[in-house]
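Asker: Structure in structure tokens, see below.
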Amino acid sequence: MILTREIVVKINEANFSYYENLGYEDIIIGEELMIPVELLSKGSHHKIKCKCDSCGIEKDVIFKNYVKYDNKFGEYSCRKCSEKKRKETLQKNYGVDYPIQNKKVMSKMKKTLVKKYGVDNISKRETKQKSSK
């Protein structure tokens, strides 16, 4: 859950039109504006305080990262809990803990390797590309 309700944003040339379009009138570049977290732009680097819905750990999260991981707005899971949820979902839907353990996924990977490189395992490839330093 998001604990931060409002945040102070400094108006600059990059975000001026965004907040003007939201209905904030008479704003001036350089001015600070108190806004609800819901109105932050999706690319905002402001930190918000979140609390894991499963274990209760509080953590500061950059807003754009919160949005990037497709959290339903207002919900949050820490890395440990989201990993547990991911495994539960994979176990329920496919009967495995990791996608690579699924026979369909493994089969598709082998087909792609054969198509691209002519081998079913990348370590069987004779000429390996040199890594650039």
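Asker: Is at least one residue of segment 76-85 within 15 Å of THR4 (Cα to Cα), at pLDDT below 90 and assigned to a loop (DSSP other than H, G, I, E, B)?
Answerer: Taking segment 76-85 and keeping what is within 15 Å of THR4 (Cα to Cα), we get 76.
Within this subset, residues satisfying the condition of being at pLDDT below 90 are 76.
Restricting the remaining residues to those that are assigned to a loop (DSSP other than H, G, I, E, B) gives 76.
Within segment 76-85, one or more residues are within 15 Å of THR4 (Cα to Cα), at pLDDT below 90 and assigned to a loop (DSSP other than H, G, I, E, B).
Asker: Take the residues in segment 104-130 that are surrounded by fewer than 10 Cβ atoms within 10 Å (Cβ to Cβ), in a helix (DSSP H, G or I) and over 27 Å from the mean Cα position of the chain (by Cα); name whichever of them is modelled with the lowest pLDDT. If you could, list the steps in order and put the result at the bottom.
Answerer: Within segment 104-130, the subset surrounded by fewer than 10 Cβ atoms within 10 Å (Cβ to Cβ) is 104, 115, 123, 126-130.
Filter once more, so that each one left must be in a helix (DSSP H, G or I): 104, 115, 123.
Subsequent filtering for residues that are over 27 Å from the mean Cα position of the chain (by Cα) retains 115, 123.
Working: LYS115: 93, SER123: 86.
Step by step, filter segment 104-130, then rank; the result is SER123.
Asker: Also, I was wondering about something else. Taking segment 80-103 on its own, how many of its residues are more than 22 Å from the chain's Cα centre (by Cα) and either surrounded by 12 or more Cβ atoms within 10 Å (Cβ to Cβ) or acidic (Asp, Glu) (or both)?
Answerer: So the count comes out to 4.
Asker: List pairs: first in segment 12-41 and of a type in the set (Phe, Trp, Tyr), second part of a strand (DSSP E or B), Cβ under 9 Å, 6+ apart or cross-chain?
Answerer: TYR19/VAL9; TYR19/LEU33; TYR19/ILE35; TYR24/LEU33; TYR24/ILE35
The values are calculated or read from the model by the stated rules, or taken from the named source; none is laboratory data. It should be emphasised that the depicted structure is a prediction, and the values quoted were computed from it without experimental measurement. When we count neighbours, we look across all protein chains shown, and the Cβ atoms used for this are built from the backbone with ideal geometry, even at glycine.
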